[in-house]
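The values are calculated or read from the model by the stated rules, or taken from the named source; none is laboratory data. This is a predicted model, so every value here is computed, not measured. Ideal geometry is used to build each Cβ from the backbone, glycine not excepted, and the neighbour counts take in all protein chains shown. For the accessible areas, the whole protein counts, side chains as well, though only heavy atoms, and no ligand, DNA or RNA atoms are used. Shrake-Rupley method; radii C 1.70, N 1.55, O 1.52, S 1.80 Å.
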Amino acid sequence: MPHDSTDRIAECRQLADEADRMASTSSVETTRKDYELLARSWRRLALSYELSMHLERFIKAR
């Protein structure tokens, strides 16, 4: 796992895109839903890293 926050964000988004692709090719509904959930979870993690970065910058600016 990359150490830089921007790398982590990019990796999370890439993994979300991969999960979306897997969902779109799945013919099994439960599997498709699992991949969709996984994609949403990766995107939430990316947003969490972004928020953390912004808060860190805000705190350092003070």
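At a glance:
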{"read-out": "Hits in segment 7-30 (condition: open to solvent by 70 Å² or more (accessible area, probe 1.4 Å) and either of a type in the set (K, R) or not in a helix (DSSP H, G or I) (or both))", "value": "R13, R21, S27, V28"}
{"read-out": "Single unsatisfied condition, S48 versus (1) among the polar types (S, T, N, Q); (2) open to solvent by less than 100 Å² (accessible area, probe 1.4 Å); (3) outside any helix (DSSP H, G or I)", "value": "(3)"}
{"read-out": "Failed criterion for K33 (all others in (1) of a type outside the set (S, T, Y); (2) out of contact with any Ser or Thr (no Cβ under 8 Å at 6 or more places or on another chain); (3) open to solvent by less than 90 Å² (accessible area, probe 1.4 Å) hold)", "value": "(3)"}
{"read-out": "Test: D4 is open to solvent by less than 100 Å² (accessible area, probe 1.4 Å) and in contact with an Asp or Glu (Cβ under 9 Å, 6 or more places away or on another chain)", "value": "no"}
